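Structure, as structure tokens:
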Amino acid sequence: MTRRAPASYNGVVLTAPFSTPYQRYSIDTAHHWIARALKGSLDSVGLKKNQLDGFSVSSFTLFPDSAVGLTQHLGLSTRWLDHVPMGGASAGVALRRAARAVQAGDADIVACVAGDTNHIDSFRQLLSSFSRFAMDASYPYGYGGPNANFALLTDHYMNEFGATRTDFGRICVSQRDNALKNPRAVMQKQLTLDQYLKARLIADPIALFDCVMPCAGAESFLVMHEDKALQLGIPFARLTAAIERHNAHADDPMQLRGGWTLDRDTLWEMAGCTPLDIDVMQTYDDYPVIVMMQFEDLGMCEKGEGPTFVRDHDLTINGNFPHNTSGGQLSAGQAGAAGGFIGMVEALRQVTGQASGTQVKDAARALVTGFGMINYDRGLCTSATVLETGVRA
Amino acid sequence: MTDPLLAPPKKNPQRRSTSPTRPPEMRSRAALGLTAAAAEGRLALQCCAECATWQYPPRDACVACLSNDLPWVDFPPQGQLLAETTVQTSPRLYYRERVPWRIGTVKTDVGPIILVHIHPDVTPQSAIHLTAHLDRAGQGVLVAMPPQETSNAMDAPLMRELTADPKHRRVLLTDARAENAPAMAKALKDAGAAIIFIGESESWRPYTARAALQEIGVEFMPLDVTDTLSVQTLAGEIGGKTDILINNAQFVRPGGALARGDVGFAQNEMDVNYFGMMRLAQAFGPGMCKRTADEANSAVAWVNLLHIGALANTPEYGAFAASQSAAHSLSQSLRSEFRTAGLRVMNVFSGPTESDWFASLPPPKVLPQSLARDVIKGLQAGVEDVWSGDIAKDVRDRFRRDPKVLERELTFGGDGP
């Protein structure tokens with residue numbers, strides 16, 4: 001069966017990137033963090049919340065509320081509403097839907113917000129109710145949570161492709177370098193490769209610095225028509241391509257590739273460019289093995305060459321392959337579902353020249369990839385998005 | 001090869017005993033099929049009745065054809081270990097106190113990918129043999145074992161968590177006068193039990209098996225399960241070191257209600273078989289529940305010897321069977337109460353045994369040695385239900401096929417007028 005080529009995202013732009021500071025533990029709720037990020041986005045471009053007519057939310061800790069409850073909680077009256085519970089793939093998925101709503105005229109201005117709180121015990125509680133397959137068939141075995149699941153994927157990847165801990169360490173260390181230029185990052189101390197290698201084991205071969213720090217925080221951006229952004233006179237980025245895929249390659253005994261491999265031709269065709277034309281890439285970095293998988297599956301290198309790719313490239317802001325410039329989740333922290341947004345919001349800042357300390361010089365085209373939801377033994381959701389400079393700040 | 005488990009040293013009374021904690025117990029309804037099979041020592045997974053696809057984790061619809069007809073079928077246990085990790089830290093207290101904990105991903109020969117506990121004797125990235133056990137939460141879990149048997153495999157800490165092996169444990173057998181007492185004591189001794197306490201009522205009254213028991217080296221303790229004070233007194237004395245309690249006290253007489261002139265025997269049956277179990281549970285249960293994580297000789301299992309008439313009444317012993325139904329029902333209640341501590345209740349169902357009070361019944365009958373062997377095997381496997389002898393298995397299968405049909409089969413009165 002041949003697939004119809006998707007319609008272009010012509011006219012769709014992203015504006016108003018906003019990230020709250022991240023906090024290790026918070027006594028506040030997800031509602032609090034989401035409201036803060038939404039206000040931050042609106043204030044940054046001088047919009048009032050009654051000018052919004054579309055709203056998309058991603059969060060794990062809103063219970064018992066969903067997007068609907070938030071409309072009344074935050075006093076929003078929208079004609080388009082969405083809830084995207086897809087973890088690390090949330091931003092790409094939320095954006096795809098919002099973009100089509102704007103194109104079709106179902107909404108004029110959509111706010112896409114992701115945020116979560118982190119109480120002392122929330123991570124443990126989130127684990128216990130994450131998914132039915134996890135409850136039935138993964139957590140009873142050692143209860144290592146995602147650390148254990150990714151340890152298995154990492155073990156297999158290392159055996160299959162000869163990756164070493166040093167290769168993964170390069171990713172983590174360069175992201176820490178980037179984080180030192182981002183005042184919002186939770187991690188503010190330099191990390192050396194030696195420290196990385198000597199860190200205590202969490203679930204072999206995963207050690208402390210392979211793991212993200214769960215925290216509280218939120219990320220937000222607005223989606224609207226280019227005409228609207230021009231009329232408001234605000235900086236914006238154009239959406240040129242976006243893909244998503246769920247439960248791909250179900251017959252692979254272990255996950256060595258994600259759903260991107262099924263859709264990347266579509267992505268590059270829509271974007272009208274090649275992987276080589278990307279100025280900055282934001283991957284989903286929980287954990288580093290998934291970063292390598294994204295390099296491979298989006299076409300930065302061949303399958304199995306992730307380790308060589310990170311050996312041959314400088315992944316820091318001023319390097320020859322700027323990657324996760326805000327420090328990513330590994331160094332900036334993982335604020336629940338906001339971990340799925342951190343790359344998108346940073347990419348938006350980059351191509352609109354608003355990244356201040358982490359700015360990659362002349363960044364005009366960014367690739368953002370998302371990966372989410374270890375339902376049982378593998379991540380099910382993948383997304384990827386290409387953004388281009390519209391109007392710089 | 002696993003190092004043999006050594007007898008644990010005397011406990012330091014100033015050290016904190018590890019509190020009873022459990023792995024996660026929550027499961028979907030579908031997943032309980034794994035538990036039900038593991039409870040009797042079987043490995044079963046869902047196999048689609050329409051398209052014969054094996055699948056795991058348990059689902060409510062076939063992943064290949066969307067059929068809802070997903071029976072649990074005995075599963076071919078061969079597979080290959082693809083990847084593994086050793087969990088070093090966990091937010092769950094049970095694992096936090098037991099790390100490092102080895103888990104892995106298995107590709108089974110017939111298809112499904114399974115996350116498993118890994119036995120220490122398994123070689124990385126090699127063939128494995130899959131087994132199912134109940135964990136401390138009483139839920140079925142899957143374990144990768146080496147494809148060939150290795151020495152002392154059941155001594156590994158993982159297997160001590162999943163089984164109720166009598167090795168190095170202290171056992172109370174409640175009735176020295178029961179016909180199965182010497183065989184039971186001998187089997188426990190052979191299985192490596194550290195101490196075998198045996199309850200003896202009316203010690204002034206002689207019985208022939210006493211010499212044999214003495215020779216095995218049991219410790220005689222005064223115990224009458226119909227006397228609350230006697231049960232409480234003994235619990236006060238040895239309750240803190242009873243790791244396995246095997247209740248073999250049983251009162252049995254033939255006949256249903258009409259064969260007897262009054263309720264005298266029935267009261268005895270209930271007093272020993274039902275209230276006796278309850279007295280023991282009330283006296284020994286709380287203490288055992290507090291000691292379920294107490295090192296190699298922790299409290300681990302509660303064993304009831306039940307007659308298969310507990311499932312469906314056997315009219316020749318109609319009143320006795322009623323007491324067995326009561327005892328069975330109480331055992332399920334105990335199972336629920338003990339499970340929060342991880343203490344296992346194992347029911348051993350048998351047909352008529354080779355004993356005086358079943359003399360009028362035709363064979364087959366269960367020999368004391370067979371019963372004892374099945375009890376030990378059940379403890380070593382860590383199961384919840386044991387079916388000892390052909391009659392017990394026969395009644396079980398008929399009961400599962402159709403309880404009402406079984407009732408009629410058992411209560412045929414012969415050709416009347």
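The values are calculated or read from the model by the stated rules, or taken from the named source; none is laboratory data. Everything numeric here is computed off the predicted structure, so don't read it as measured data. Note that we place each Cβ from the backbone using ideal geometry, even for glycine, and neighbour counts take in every protein chain shown.
Yes/no per residue for (1) touching a Phe, Trp or Tyr at 6+ places or on another chain (Cβ under 6 Å); (2) within 17 Å of A:P214 (Cα to Cα); (3) in contact (Cβ under 8 Å) with a residue 12 or more places away in the chain:
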residue	(1), (2), (3)
A:P288	yes, yes, yes
A:F295	yes, no, yes
A:P322	no, no, yes
A:G336	yes, yes, yes
A:G340	no, yes, yes
| note | Out of (1) out of contact with any helix residue (DSSP H, G or I) (no Cβ under 8 Å at 6 or more places or on another chain); (2) facing chain A (nearest Cβ under 10 Å); (3) crowded, with 17+ Cβ neighbours inside 10 Å; (4) more than 24 Å from B:G138 (Cα to Cα), the one B:Y94 does not meet is (4)
| query | For B:P58, all conditions in the list (1) free of Cβ contacts under 8 Å to residues at least 60 places away in the same chain; (2) more than 21 Å from A:S131 (Cβ to Cβ); (3) under 29 Å from the mean Cα position of the chain (by Cα) hold save one; what is the number of the exception? | reply | (2)
| query | Which of the residues belonging to region A:261-292 are charged (D, E, K, R) and assigned to a helix (DSSP H, G or I)? | reply | A:D263, A:R264, A:D265, A:E269, A:D277
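Looking for whichever is more than 9 Å from chain A (Cβ to nearest Cβ), aliphatic (A, V, I, L, M) and touching a Phe, Trp or Tyr at 6+ places or on another chain (Cβ under 7 Å) here; the options are B:L81, B:L70, B:L45. Which one fits?
Details: B:L81 fails: touching a Phe, Trp or Tyr at 6+ places or on another chain (Cβ under 7 Å); B:L70 fails: touching a Phe, Trp or Tyr at 6+ places or on another chain (Cβ under 7 Å).
After applying the criteria, what remains is B:L45.
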| note | A:V351 meets each of (1) surrounded by fewer than 24 Cβ atoms within 10 Å (Cβ to Cβ); (2) over 15 Å from the mean Cα position of the chain (by Cα) with one exception, condition (1)
| note | Taking region A:121-142 and keeping only residues that are surrounded by fewer than 24 Cβ atoms within 10 Å (Cβ to Cβ) and either touching a helix residue (DSSP H, G or I) at 6+ places or on another chain (Cβ under 6 Å) or under 30 Å from A:N50 (Cα atoms) (or both), one is left with A:L127
| message | For region A:103-121, give me each residue that is within 14 Å of chain B (Cβ to nearest Cβ) and touching a strand residue (DSSP E or B) at 6+ places or on another chain (Cβ under 8 Å). | response | A:N118
| field | Pairs where the first residue, in region A:232-245, is closer than 16 Å to A:A5 by Cβ and the second is surrounded by fewer than 20 Cβ atoms within 10 Å (Cβ to Cβ) and of a type in the set (S, T, Y), C-beta under 7 Å, 6+ apart | value | A:I243/A:T266
| field | Subset tally (residues that are of a type outside the set (D, E) and either free of Cβ contacts under 8 Å to residues at least 40 places away in the same chain or facing another protein chain (nearest Cβ under 7 Å) (or both)) for region B:108-117 | value | 4
| message | Which residue is farthest from the other protein chains (Cβ to nearest Cβ), if the candidates are limited to region A:166-188 and must be of a type in the set (K, R) and touching a helix residue (DSSP H, G or I) at 6+ places or on another chain (Cβ under 6 Å)? | response | A:K181
| Pick from B:T123, B:T131, B:T105: which is part of a loop (DSSP other than H, G, I, E, B), closer than 24 Å to B:V87 by Cα and out of contact with any Phe, Trp or Tyr (no Cβ under 6 Å at 6 or more places or on another chain)? | B:T123
| Are there any pairs with C-beta distances below 6 angstrom linking a residue in region B:197-219 that is at pLDDT 95 or above to a residue that is β-branched (V, I, T) and assigned to a helix (DSSP H, G or I), with the two at least 6 apart or on different chains, and if so which? | B:F197/B:I238
| field | Any strands (runs of 3 or more DSSP E) falling wholly within region B:37-99 and containing at least 3 residues that are closer than 30 Å to B:A392 by Cα | value | B:44-47, B:72-74
| said: From the list A:R124, A:R100, exactly one residue is within 14 Å of chain B (Cβ to nearest Cβ), of a type in the set (K, R) and not in a strand (DSSP E or B). Which is it? | reply: A:R124
| field | helices (runs of 4 or more DSSP H) fully within region A:295-393 counting 2 or more residues that are over 20 Å from A:A16 (Cα atoms), modelled with pLDDT of 95 or more and among the β-branched types (V, I, T) | value | A:306-312
| said: Can you pull out every residue in region A:154-165 that is touching a helix residue (DSSP H, G or I) at 6+ places or on another chain (Cβ under 7 Å) and aliphatic (A, V, I, L, M)? | reply: A:A163
| query | Which ranges mark the helices (runs of 4 or more DSSP H) fully within region B:164-263 that have 2 or more residues being closer than 21 Å to B:P352 by Cα? | reply | B:181-190
| said: The conditions are (1) assigned to a loop (DSSP other than H, G, I, E, B); (2) more than 23 Å from A:S331 (Cβ to Cβ), and A:L14 fails exactly one of them. Which is it? | reply: (1)
| Considering B:R177, B:R160, B:R170, which residue is surrounded by fewer than 22 Cβ atoms within 10 Å (Cβ to Cβ) and within 15 Å of the chain's Cα centre (by Cα)? | B:R160
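From the residues in region B:97-107 that are over 26 Å from the mean Cα position of the chain (by Cα) and crowded, with 22+ Cβ neighbours inside 10 Å, which one is farthest from the other protein chains (Cβ to nearest Cβ)?
For region B:97-107, the residue satisfying everything is B:V106.
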| request: Considering only residues that are farther than 21 Å from A:K49 by Cβ and without any contact (Cβ under 8 Å) to a residue 24 or more places away in the chain, look in region A:85-120 and name the one that is surrounded by the fewest Cβ atoms within 10 Å (Cβ to Cβ). | output: A:A104
| note | The condition of being surrounded by 20 or more Cβ atoms within 10 Å (Cβ to Cβ) and assigned by TED's automatic domain parsing to the domain that holds A:D82 holds, among A:F221, A:F150, only for A:F221
| request: Look at A:Q195 and say whether it is more than 29 Å from A:V345 (Cα to Cα), more than 9 Å from chain B (Cβ to nearest Cβ) and modelled with pLDDT of 95 or more. | output: yes
| task | Considering each of B:T2, B:T18 in turn, give the residue that is of a type in the set (S, T, Y), surrounded by 13 or more Cβ atoms within 10 Å (Cβ to Cβ) and either farther than 22 Å from B:M145 by Cα or free of Cβ contacts under 8 Å to residues at least 24 places away in the same chain (or both). | result | B:T18
| query | Quick one: what pairs do we get from region B:25-47, first residue under 14 Å from B:L130 (Cα atoms), second in a loop (DSSP other than H, G, I, E, B) and of a type in the set (A, V, I, L, M, F, W, C), C-beta under 8 Å, 6+ apart or different chains? | reply | B:A37/B:L43; B:A38/B:V383; B:G41/B:V383; B:L43/B:F75; B:A44/B:F75; B:L45/B:F75
